[in-house]
1. Does the stretch 145-164 contain any residue that is under 17 Å from the mean Cα position of the chain (by Cα) and over 30 Å from GLU51 (Cβ atoms)?
2. Consider the stretch 137-157. How many of its residues are within 16 Å of the ligand (Cβ to nearest atom) and either in contact with a Leu (Cβ under 7 Å, 6 or more places away or on another chain) or of a type in the set (Asp, Glu) (or both)?
3. Quick one: count up the residues across the stretch 89-112 that are assigned to a strand (DSSP E or B) and within 11 Å of the ligand (Cβ to nearest atom).
4. Six or more apart or on different chains, Cβ under 6 Å: which pairs go from a residue in the stretch 141-169 that's of a type in the set (Ser, Thr, Tyr) to one that's buried (at least 18 other Cβ atoms within 10 Å of the Cβ)? Could you list them?
5. For the stretch 1-30, which residues satisfy the criterion of being under 14 Å from ALA133 (Cα atoms) and surrounded by 17 or more Cβ atoms within 10 Å (Cβ to Cβ)?
6. Whether any residue in the stretch 62-70 is within 16 Å of the ligand (Cβ to nearest atom), outside any strand (DSSP E or B) and either surrounded by 12 or more Cβ atoms within 10 Å (Cβ to Cβ) or within 12 Å of the chain's Cα centre (by Cα) (or both) is what I want to check.
7. What number of residues within the stretch 32-55 satisfy the criterion of being closer than 27 Å to GLU141 by Cα and crowded, with 16+ Cβ neighbours inside 10 Å?
8. Sort through GLU31, GLU3, GLU96, GLU16 and tell me the only one that's modelled with pLDDT under 95, acidic (Asp, Glu) and within 15 Å of the chain's Cα centre (by Cα).
Amino acid sequence: MAEIRIRNSGERITGEQNVRFFLDRQNVLYEHWEASKLPESLRNKFTLTDEDKNKILSTFETEITDLAGRRGYKTWDIIALSESTPNLDELLQKFEQVHTHTEDEVRAITAGRGIFIIKGDEQTGYFDVELEAGDVISVPETQPHFFTLMDNRQIVAVRLFIEPAGWVAQPFDDPAFV
Ligand SMILES: [Fe+2]
């Protein structure tokens with residue numbers, strides 16, 4: 001279950017109803033997939049073969065096609081990051097810069113953990129969404145954000161896209177970022 005931390009106040013928001021209510025108000029899609037559908041051998045595996053990736057995609061085929069049908073995604077793939085990812089530190093440095101996209105950025109976490117840092121409305125400012133397996137989130141198009149890993153530095157997620165040009169990160173230089 002996702003948890004929220006508001007950066008300006010340090011306030012934490014927990015509990016499914018509260019998290020859903022908060023994200024809904026910030027126009028951030030939040031849904032849940034049953035992560036335990038995944039075979040046990042894949043729940044803690046972060047270096048994946050093509051066969052593993054296909055197994056994850058087929059396990060969640062119903063959820064993926066339902067989400068894609070509702071929201072217009074045309075392609076999807078699996079991203080896996082862990083200490084065994086070459087240049088993980090460099091990659092994270094690149095990720096950890098506030099940016100926007102021309103399409104929404106959707107991630108369904110199937111193993112591990114991660115954080116989206118998102119710019120909320122004026123009153124709220126930046127907030128962290130801490131995600132775990134089963135959490136599905138979509139950052140709206142043009143909303144400033146970035147993604148990073150949590151202390152365990154490992155994650156597997158399904159990414160869904162409308163078109164390749166939409167994923168390009170546009171840097172967003174924000175003096176308000178804390
Ligand atoms: Fe992004």
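1. Taking the stretch 145-164 and keeping what is under 17 Å from the mean Cα position of the chain (by Cα), we get 145-162.
Okay, now just the ones that are also over 30 Å from GLU51 (Cβ atoms), so 145-146.
Yes, the stretch 145-164 has at least one match.
2. So in the stretch 137-157, the residues within 16 Å of the ligand (Cβ to nearest atom) come out as 137-149, 155, 157.
If we keep only those that are either in contact with a Leu (Cβ under 7 Å, 6 or more places away or on another chain) or of a type in the set (Asp, Glu) (or both) too, we end up with 137-138, 141, 148-149, 155.
Counting residues in the stretch 137-157 that are within 16 Å of the ligand (Cβ to nearest atom) and either in contact with a Leu (Cβ under 7 Å, 6 or more places away or on another chain) or of a type in the set (Asp, Glu) (or both) gives 6.
3. Step one: filter the stretch 89-112 for residues assigned to a strand (DSSP E or B), giving 99-100, 105-112.
In the following step, the residues that additionally are within 11 Å of the ligand (Cβ to nearest atom) were identified as 99-100, 105-107.
So the answer is 5.
4. Close Cβ pairs (under 6 Å, with a partner that is buried (at least 18 other Cβ atoms within 10 Å of the Cβ)) amount to THR142/THR100; THR148/ILE115.
5. Listed by number, the residues that qualify are ALA2, GLU3, TYR30.
6. Initially, the stretch 62-70 is screened for residues within 16 Å of the ligand (Cβ to nearest atom), giving none.
No; the residues of the stretch 62-70 include none that is within 16 Å of the ligand (Cβ to nearest atom), outside any strand (DSSP E or B) and either surrounded by 12 or more Cβ atoms within 10 Å (Cβ to Cβ) or within 12 Å of the chain's Cα centre (by Cα) (or both).
7. Of the residues in the stretch 32-55, the ones closer than 27 Å to GLU141 by Cα are 32-35, 53.
Subsequent filtering for residues that are crowded, with 16+ Cβ neighbours inside 10 Å retains 33, 35, 53.
Residues in the stretch 32-55 being closer than 27 Å to GLU141 by Cα and crowded, with 16+ Cβ neighbours inside 10 Å: 3 in total.
8. Working: GLU31 fails: modelled with pLDDT under 95; GLU3 fails: modelled with pLDDT under 95; GLU16 fails: within 15 Å of the chain's Cα centre (by Cα).
Selected residue: GLU96, the only one of GLU31, GLU3, GLU96, GLU16 that is modelled with pLDDT under 95, acidic (Asp, Glu) and within 15 Å of the chain's Cα centre (by Cα).
The values are calculated or read from the model by the stated rules, or taken from the named source; none is laboratory data. Please read all numbers here as calculations on a predicted model, not as lab measurements. Cβ sites come from the backbone with ideal geometry, for glycine too, and all protein chains shown count toward neighbours.
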